[in-house]
Amino acid sequence: MHPTPYLFFGGTCRAALHYYADVFDAELEAMMPFSELPPSEDMQVPADKADWVMHGAIKWADGGLLMASDDISETPQRMEGNSVSMALPSVEAGRTAFERLAEGGDVGMPYGPMFWTPGFGTVRDRFGTRWMITTNARA
């Protein structure tokens, strides 16, 4: 079993998943808007949020998944106290992903060597997702 992160956004899920698929060379596997939700009295989708993402996913060649959706509730919750950790195969791949995620975001810890790895850094991207980027490469 492998845990699968499920991220929530406030109308930016589509852009975020397309961006993450590009950054990490992953495949966009699903992108289902709320407009495809069957009619229900229990859940009304506001007209201005019909194109927001009800469920989306990107998939890596090794089978890893990242799923996400937009939160259409009246009081969406900001995701705090968590990060998505990504281990890339080389220092260069890690640095490239880190720098791309940092564009328009906030760097918590610059990417660089640590005692356990030759490449590690933390960043909150422009969509609000916190990332821990590391490498499996040996120093």
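Brief remarks follow.
- Helix 13-23 axis versus longest C-alpha principal axis of the chain: approximately 30°, rounded to the nearest ten.
- A DSSP coil position with no more than 10 other Cβ atoms inside 10 Å describes the following trypsin sites (Lys or Arg not before Pro) in the stretch 9-99: Arg78.
- Of the GluC sites (Glu not before Pro) found in the stretch 23-108, the ones in coil according to DSSP and having at most 12 other Cβ atoms within 10 Å of their Cβ are Glu41, Glu74, Glu80, Glu103.
- Values of log10 I(q)/I(0), in the order q = 0.33 Å⁻¹, for the stretch 90-139 under a Debye, Cα-only, solvent-free model: -1.21
- Alpha-carbon Debye profile of the stretch 63-125, log10 I(q)/I(0) at 0.15, 0.24 Å⁻¹: -0.58, -1.13
- With all protein chains in place and a 1.4 Å probe, the accessible surface of the stretch 18-85 carries 49 percent carbon and sulfur.
- DSSP loop chymotrypsin sites (Phe, Trp or Tyr not before Pro) with at most 16 other Cβ within 10 Å: longest gap in the chain: 1-59
- Once C-alpha pairs closer than 8 Å and six or more residues apart are averaged by separation and normalised to the residue number of the chain, the relative contact order reads 23 percent.
- Spin-label pair Arg138/Thr4, simplified geometry with 7 Å Cα→Cβ offset, distance in nm: 3.5
- Amide proton proximity set for Gly105, modelled H, under 5 Å, gap of 5+: Arg126
- Rounded to the nearest 5, the antiparallel percentage of DSSP beta bridges internal to the chain is 70%.
- FRET efficiency for the pair Glu74 and Glu29, taken as 1/(1 + (r/R0)^6) with r the Cβ-Cβ distance and R0 = 30 Å, rounds to 0.55.
- Binned Cα-Cα distance frequencies in the stretch 10-86 - 10 Å width, integer %: 18, 44, 30, 8, 0
- Semi-axes of the equivalent ellipsoid for the chain, computed as √(5λ) from the eigenvalues of its C-alpha gyration tensor and ordered from largest down, come to 31, 15, 12 Å.
- To the nearest ten degrees, helix 91-102 and the longest principal axis of the Cα atoms of the chain are 40 degrees apart.
The values are calculated or read from the model by the stated rules, or taken from the named source; none is laboratory data. Fair warning: this is a prediction, and the values are worked out from it, not measured in the lab. Virtual Cβ from ideal backbone geometry, glycine too; neighbours counted across all protein chains shown. These accessible areas exclude ligands, DNA and RNA; they are computed on the full protein's heavy atoms, side chains included. Shrake-Rupley method; radii C 1.70, N 1.55, O 1.52, S 1.80 Å.
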